[in-house]
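Please treat every number below as a calculation from the coordinates, not as lab data. The structure presented is a predicted model; accordingly, all values stated were derived computationally and were not measured. Cβ sites come from the backbone with ideal geometry, for glycine too, and all protein chains shown count toward neighbours.
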Amino acid sequence: MKKIKQKIFIVLTIILVSSNIIKAQLVNPCRTVDVIEQEESLHPGYKARVNAMFEQSKRIVEEMKSSRAVNSDTLYRIPVVVHIVHTAPNENLPDSLVFSQIEVLNNDYNRWNSDSTQTRAVFKPIAGSLNFQFYLATTDPTGNPTTGIIRKTGTPAIPFVGFNAFQDNVKNPDEGDAPWNTDKYLNIWVCNLNTIPLGVLGYAYPPTGAANWDAASYTDSAKQGVVIDYTAFGRNNPYVIDPGVAPGRTCVHEVGHYLGLRHIWADEDLCAEDDGIDDTPKAGAASNFDCDTTKNTCVDVGVDYPDMIENFMDYSDEHCQNMFTQEQAAIMLVNLITLRPDLAEKAPLYGVGFSQNNFENNISVYPNPAVDFINIDFKSIRNNQVKIELIDNAGKSVLNKILDVNNDIHAIDISQLTSGFYYLQISNGRYILRKKVVK
């Protein structure tokens, strides 16, 4: 069994000034060890409990592999609430950046990202995807309608310039904004994390709640979620410090930690360490925001793979990040099911009234890409009422209607929609068929 060390993860950058350029560089890119030692001193046994949790997830993955259940046929819809905690006007990011971040999450976790074609040939056979659908929450914890975006003026604690990762003060209602029920919502806090002496891009705690975790565990529910610096949130953020984070993948990376993944270099600059994932090659150190495809810092047993700089859990330039591996996807799915069981709404993806093996033969959608109309051909479905829903990449429903189908073709008008990616969902109350539609 590989040596496993699960840790709390923080991505850090420091701004260095030269005569011609100001650019974010990764210097001492992770303060994980400091956080771990702090938590261990406060709650002795913390390290052992986190290790045990990760080992448990690995065992479940192996069981799922043997039963051929890793590639789930279930759609997991994950409600997201974004807390924008601002202390200056530029920190109060517009809705458009929030929408773009949800879109990035959906594309990357489903491997629908357009740059997935850039995965090097050696890694394409092990690229993984998940049937995850992130969407901005439509109902708050009291049952009232919501946009899923909360804005609040924050008061970060002195002497820190911004909100401090070691204090988690952005989650304090007196300084930031309190979380919504962390069992039922993915909470994302967006704020100024420009702490002294280093700037933080984001951080997240791994999931807790495994059966072997005691009641005095190191964290409480109020800490669960993801925190992202306002300069690294969303695609093409105008306040971005380094263009290398412009694609919005800091949040993809941190949600990976939230679902139990580690950095691919195992948080140690040593080839002897391992991240506990079988299909990620070892790396001797984190990438330094570069896209160096020639790097091979460790010798792997069997096939000696290059460093997987395209992995979302590395520190490479986000423009060259484009994949999770199959086992990384399996770990996240297991942790969602077992450690965050109330977070996602679940529905089968077998197709309307049909088994997994033949639903593709009974419903077809064309043309795709489409311009003004998409046609849904219900080839062998008779006397059935179905719900048609079109959802944009921000998780917002833009079309919702009920159809009576009887072995016929229905045209759906999309002429008023903007160009982009959409999810088409067809449901009869028991099964859901999901297809990606491009306009």
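Below are the figures for this structure:
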| item | result |
| --- | --- |
| Under the Karplus curve 6.51 cos²θ - 1.76 cosθ + 1.60, θ = phi - 60°, whole-Hz ³J(HN,Hα) for region 254-266, x wherever Gly or Pro sits | 6, 5, x, 5, 4, 9, x, 7, 10, 4, 6, 8, 6 |
| Pairs from Lys171/Lys282; Lys396/Lys435; Lys171/Lys436 whose Cα-Cα separation, in the structure shown, is over 24 Å | Lys171/Lys282; Lys171/Lys436 |
| Amide H contacts under 5 Å for Thr325, placed H, 5+ residues apart | Gly128 |
| Phi to ³J(HN,Hα) by Karplus 6.51 cos²θ - 1.76 cosθ + 1.60 over region 329-346, Hz, x for Gly, Pro | 4, 5, 4, 5, 5, 4, 5, 5, 5, 9, 10, 10, x, 9, 6, 9, 7, 10 |
| For region 127-142, Karplus couplings with θ = phi - 60° (6.51, -1.76, 1.60), whole Hz, Gly/Pro x | 5, x, 9, 9, 7, 9, 10, 7, 8, 5, 4, 9, 9, 7, x, 8 |
| Other-chain or far-sequence residues with amide H under 5 Å of Asn384's (modelled H) | Val405 |
| Under-5 Å amide H pairs with Trp189, H placed in peptide plane, nonlocal only | His83, Val226, Val227, Ile228 |
| Most to least packed among 84-97, 136-149, 291-304 [average Cβ atoms within 10 Å] | 84-97, 136-149, 291-304 |
